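Note sheet for the following structure.
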Amino acid sequence: MKTFVPSVALLCSTLIFLNSCSVSKNAVLTPKADSGNENVTTFPCFVVKTDGSRQDYSTLKLVTGVLITPHLLADNKIVIEAKDVLAYQDDKQFAVSQKLLLTTKITYVASETLPGFAVRIASGRLNVYSRKFYNGGNVATEYFVQTGEDGEILPYSKSVMADLLKDNPKASDFFNSKIKISPKSKKLIAVVDMYNSSPQFISKN
């Protein structure tokens, strides 16, 4: 079996064609599956383990419930525990472990993902992740932003966004405008979509 060395070039090509990834400490990278056959079809679901290795599956399901420790079930038979996962992609979403988030806040909410994992809700030059956490007796949502696939995944704040948007006046102006969109997360997504779709960021390669 070949040994894969994640790289920026490999990351870019894989993201374009597979919309998936593999992980390092501060980034989610994407090595191709070790098929040994160029004609093999890559499965859409995968798990990136804490050692950086990636395994593709035909199905991947989040299992939760009363008296059940949240885990992933691959191909209807393989149990994968949260502690062994850095990132995963099922047929609905891509999620990363809180180990990759630049925050000291730990959460154990597992309503839509493995406990403490953040879901990517926007992707491109800027990525946005959302994570559930307990706020008193309620479950609230916090957001994280990331530049590209190799940037740190930072807690969202106005100052962080101001810095990330400084090279795109249009997106920056919209972000700083008094236009109100409910919920507030929709404005964040709209700004990021505007930033990511800007012609100045379209690669000429």
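The values are calculated or read from the model by the stated rules, or taken from the named source; none is laboratory data. In this text, all values refer to a predicted model and were calculated from it rather than measured experimentally. Ideal geometry is used to build each Cβ from the backbone, glycine not excepted, and the neighbour counts take in all protein chains shown.
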Residue, modelled with the highest pLDDT, within the stretch 155-199, restricted to residues that are loosely packed, with under 13 Cβ neighbours inside 10 Å and of a type in the set (A, V, I, L, M): A162
Residue satisfying all of: in the stretch 82-122; in contact with a Leu (Cβ under 8 Å, 6 or more places away or on another chain) and among the charged types (D, E, K, R); farthest from Y134 (Cα to Cα) among these: D91
Scope the stretch 53-92; condition at positive phi and assigned to a loop (DSSP other than H, G, I, E, B); matching residues: L67, D75, N76
The stretch 127-147, residues that are in contact with a helix residue (DSSP H, G or I) (Cβ under 9 Å, 6 or more places away or on another chain) and more than 18 Å from A95 (Cβ to Cβ): T147
Residue selected from the stretch 57-85 under the condition touching a Phe, Trp or Tyr at 6+ places or on another chain (Cβ under 7 Å) and loosely packed, with under 15 Cβ neighbours inside 10 Å, by the criterion nearest to P44 (Cα to Cα): S58
Residue match in the stretch 47-54 (condition: at pLDDT 90 or above, in contact with a strand residue (DSSP E or B) (Cβ under 6 Å, 6 or more places away or on another chain), of a type in the set (D, E, K, R) and surrounded by fewer than 15 Cβ atoms within 10 Å (Cβ to Cβ)): no
Residue, farthest from V66 (Cα to Cα), within the stretch 108-152, restricted to residues that are in a strand (DSSP E or B), within 12 Å of the chain's Cα centre (by Cα) and among the hydrophobic types (A, V, I, L, M, F, W, C): L126
Flag for A118 being within 23 Å of D51 (Cβ to Cβ) and either in contact with a strand residue (DSSP E or B) (Cβ under 6 Å, 6 or more places away or on another chain) or surrounded by 17 or more Cβ atoms within 10 Å (Cβ to Cβ) (or both): yes
Where a residue in the stretch 162-177 is on the phi > 0 side of the Ramachandran plot and its partner, wherever it lies, is surrounded by 16 or more Cβ atoms within 10 Å (Cβ to Cβ) and not in a helix (DSSP H, G or I), with Cβ under 9 Å and at least six apart: none
